[in-house]
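Undergrad: Handing you a structure now.
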Amino acid sequence: MKVRFILNPSAGRSGRLKPLSGAVKKVLDADEGIFEIRSAAGRSGMRDLAADAAAKGYEVVFACGGDGTINDIASELVGKDTALGILPAGSGNALARALGIPEDVEEAVRLLKTGRVVKMDVGVACGRYFFSTAGFAFEARLSRRYNEGRLSRRLRGLSPYFALAPLEFLRFRPGPVRLSIDGKDIDGRPLLLTAANTSHLGGGAVIAPGAENDDGLLDFCFVHRTGIFSALGLARRLLYGSIEKHGSYETARGRKAVVMGRDFKDAHVDGEPFQWKGEVEISVLYRKLNVLVP
């Protein structure tokens, strides 16, 4: 067996990865094979290590970090035989939660013995892969503000989101947008506009309760702009997995979608923010990523 663990030392809770070398020795000491632990500084380094492992026929590459780390590494494994493993150590851990990956480092490594490899879908938005969600409204703005680091450099985890969200909510003024999904249109001023391959956003929030990651479809979630008290109820439903009961929530399932009319540039894939102006095209690749799960 050939396995590579790729560490992001700047992940939100990278300190959780300190027991990795001991866990690998404990779980895999009696097994024959190559078990490498490599640290990569920067996104290009993680991508290069993942691409190199896939080219050399490694069976599994573990992404050790948060959802951004997973996105960078998994993007190099799309359409390849090499499977993605996950050691969650980020602020949100959306994909790990959706797949049931244990947070305990030793238990996550043990999936090499007890787990199974399955195929999952891959979303594509603005020419970028996503594995959990892509967002194009308030959630994208909040990702950018978090990533700017004014609070997140001092406070790790989810705390900066709770501090930033109320102020950014008051500042956010979306114009009219049309979301066209396989010919079906949803019109409105979106507070949240999310394409979901899995059920979860970061931190345990559930944006698409019925999403399946291997059905060749994405769940498109459109939450209409609402007042602050209604938004507080929305936040509670997100955290308790009942957002479909909120009156401002609409959803549709499909293979392709186009977002038209956006008057803001913020976007994100798996919590990684970027700027995008104009129409947004979204699609899904059917079962193009191998992933190690319980």
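Undergrad: Please find, among A257, A231, the residue that is surrounded by 18 or more Cβ atoms within 10 Å (Cβ to Cβ) and either basic (K, R) or not in a strand (DSSP E or B) (or both).
TA: On inspection, the qualifying residue turns out to be A231.
Undergrad: Could you list, in sequence order, all residues of region 235-291 that are charged (D, E, K, R) and touching a helix residue (DSSP H, G or I) at 6+ places or on another chain (Cβ under 7 Å)?
TA: R237, K245, D266, D270, E272
Undergrad: Applying the selection to region 206-251, what residues are farther than 24 Å from R287 by Cα and among the hydrophobic types (A, V, I, L, M, F, W, C)?
TA: F222, V223, I228, F229, A231, L232, L234, A235, L238, L239, I243
Undergrad: From the residues in region 102-122 that are of a type in the set (A, V, I, L, M, F, W, C) and touching a helix residue (DSSP H, G or I) at 6+ places or on another chain (Cβ under 6 Å), which one is nearest to A205 (Cα to Cα)?
TA: V105
Undergrad: Let me ask something else. Can you name the residue in region 235-254 that is part of a loop (DSSP other than H, G, I, E, B) and in contact (Cβ under 8 Å) with a residue 24 or more places away in the chain and, of all such residues, is surrounded by the most Cβ atoms within 10 Å (Cβ to Cβ)?
TA: By that ranking, first place goes to S248.
Undergrad: Right, another one. If a residue must be in a loop (DSSP other than H, G, I, E, B) and either among the hydrophobic types (A, V, I, L, M, F, W, C) or at pLDDT 95 or above (or both), how many such residues does region 66-99 contain?
TA: Of the residues in that region, 8 qualify.
Undergrad: Just for region 105-132: of the residues that are of a type in the set (D, E, K, R) and within 19 Å of the chain's Cα centre (by Cα), which one is surrounded by the most Cβ atoms within 10 Å (Cβ to Cβ)?
TA: D121
This table checks each residue for (1) surrounded by fewer than 17 Cβ atoms within 10 Å (Cβ to Cβ); (2) without any contact (Cβ under 8 Å) to a residue 12 or more places away in the chain; (3) in contact with a Phe, Trp or Tyr (Cβ under 9 Å, 6 or more places away or on another chain).
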| residue | (1), (2), (3) |
| --- | --- |
| F5 | no, no, yes |
| D29 | yes, yes, no |
| I34 | yes, no, yes |
| A40 | no, no, no |
| L77 | no, no, no |
| R97 | no, no, no |
| G100 | yes, no, no |
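Undergrad: Can we say G65 is surrounded by 22 or more Cβ atoms within 10 Å (Cβ to Cβ), of a type outside the set (S, T, Y), within 14 Å of the chain's Cα centre (by Cα) and farther than 30 Å from E32 by Cβ?
TA: no
The values are calculated or read from the model by the stated rules, or taken from the named source; none is laboratory data. Note that the coordinates shown come from a computational prediction; the quantities given were computed from them, not determined experimentally. Every residue, glycine as well, gets a Cβ built from its backbone with ideal geometry; the counts of neighbours run over all protein chains shown.
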